[in-house]
Every structure is written in structure tokens, then in C-alpha cells.
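What follows is a set of notes on a single structure, which appears directly below.
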Amino acid sequence: MTLLHLVADDPRVPAGVGAGLLAAWLLSRAAHGSVPGWIPPLAYTVMVAAKLVWGVWAKAPRGR
Amino acid sequence: MRRTYLVTRGWLSARAGTAVGVLVLAAALSTVGNVVWHAIPLARLQLVIGLLLTLFGLRWLIKAVLRYGGKIPIRDEDAAYTRTVQRLHTTDGGRRTTAIDRAGFGAALAAVVLEGSEVAFAILAFGARPHMLPYAVAGSAAGILMVALLGLALRASLVKAPENALKFTVGWILTALGTLWSGEGIGLHWPAGAATYLLLLVLDGALCAGLIAALRKGMTRCAASA
């Protein structure tokens, strides 16, 4: 399985994880005084967990 | 997988493909791997590898959860083995000669290069931290030895291996580790340090258990209302 397969399988999962990483990075850059230090890792963790839930929900066949 | 080629195409092609695959892999790793290892800073390596681990892990985890939840069928390894054997038998009329045939050679070469790349990837990922490389190499070598011994002991396709359980476990570990590393790669400071890995494992595990239970409950409700 290559990276291409990963992206082609469902581009929204890599996009979502990437967006979470970017959001966490931006938050950590702003963390000097304005945002508590535990917020960026929590935000990233929540984003990955959300992609897991969303991935299962989106791929589950309906009506069975 | 390699045994499938041995069974259908003969030993010579599989051995030749394996030998060339090992050489290709060694050449690629000694050049590209060396450059990657020495030229790229640890944080960037952690970011890239962590992100890849997260994505690979999520993909496997999502599929395994859907299978446990009854939403997609558990993969039939026996049927997959039979299909591969049939495909290889029908390629080139299924000749088994003493000469090297392209199908057997190519299949063995591709299997060794692809699977070997995954092992190299795992060694890079786990050995990226200071002083961890020998442990990563030793762990991978032990894994390869175990698979070889299992293959010799079973002398058949790995039909009885609990494929979904393996995929779930690997996906679970990769997702947690990938989240930790990709976070560290962008400079995040995890509150519990390296122990955060265990917390992430617990979180992802609980989430998966909840998802599986919800999927099964949904299936039961559908069956009851039908």
C-alpha cells in the first residue's frame, strides 16, 4: 500500500488529519501567553479521534 | 504470500525474485535511507513518519472497526489464498518449468521489495529517537525470524491467522504512535511526555470499543425492525 492508495482511498481523512495538525501548530505558535499549552495537543488529539469516528460513519453501509 | 508463489510457480523463480528483491532493497536503503537518516532533522522525520503512521493506522483501524461491527464482511483469507493460487496457475498457462518465469519472478520480487520497504519504514520510525536504532533493528529482525519460522511450521497459507485482530492491533498502535510523533514533529509538548502514548492508546481503544458497540447495536436494531 502506497501513499497514493492512502490518499485515493478517501482524501478527506488525510485532509482532516492535516488540517488538525495545522490547527494545532497555529495554536502552539499562539500559545505564548494567549492559549494554554495543553490546548494544541488536545486539539490535535480530538481532530484525529474525530477523523476515526467520521471515517467509520462515512464508510459504514446504510440500511443493513 | 511468498509461499503462494512457491506452490504455484516453483522454487527457482521465487528464489531468484527474492534474491534480486533483497539486492534492490539493500541498494535503495544504503543510498536513499542513508541520506534521509543523516540529512533530515529529527523533528521533520518525526512529522513525516508520524503523519504517515497516523494515516496508515487510521485506514486499518477504520476497516477493522467496520468488520468487527458487522458492517463489512471479515476477509476470507482462505478464499484470498485460493484466488491468488488460481490466478498464478492461469498466468502463462500455469507452466512449472526449471526455467525462471516472469510471473513468479516478478511476484516474488515485488513482494520482497514492498514488504521489505515496510520493515525499513518501521525501523526508521522506531529508531528515529536517540539510542533507539539498535532496538528497532533487533525488534524487526526478531519479527522477520518469527514470520519465517511460522511459515516453515505452518507450511500452508496463514489461513488461521486472525487477520482482523492483527489489523486492528497494528492500526491501533500506529494511530496512537503516529499522533504522538506527528505532534512532536510540529513542536507540540504533550502534557505527560512519552507516557502520553499510553493515554492515546487508551483513548483510541475506548473510542473503537464504543464505535464497535454502536455499530453492532445498530445492526441488532435493524434486524429486530425487519
Checking A:Val46 against (1) within 9 Å of another protein chain (Cβ to nearest Cβ); (2) modelled with pLDDT of 85 or more, which single condition isn't satisfied? (1)
Could you please give the count of residues in segment B:183-201 that are of a type in the set (A, V, I, L, M) and within 12 Å of A:Thr45 (Cα to Cα)? 4
Identify, please: which residue in segment B:173-190 is surrounded by fewer than 21 Cβ atoms within 10 Å (Cβ to Cβ) and within 18 Å of B:Trp60 (Cα to Cα) and is, among those, farthest from the other protein chains (Cβ to nearest Cβ)? B:Ile173
Touching a residue at least 60 places away in the same chain (Cβ under 8 Å), among the aliphatic types (A, V, I, L, M), surrounded by fewer than 21 Cβ atoms within 10 Å (Cβ to Cβ) and more than 11 Å from every other protein chain (Cβ to nearest Cβ) - does that describe any residue in segment B:198-207? no
Single unsatisfied condition, B:Ala79 versus (1) at pLDDT 75 or above; (2) among the aliphatic types (A, V, I, L, M); (3) more than 28 Å from B:Val24 (Cα to Cα): (1)
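The values are calculated or read from the model by the stated rules, or taken from the named source; none is laboratory data. Remember, predicted model here, so these are calculated numbers, not experimental data. Ideal geometry is used to build each Cβ from the backbone, glycine not excepted, and the neighbour counts take in all protein chains shown.
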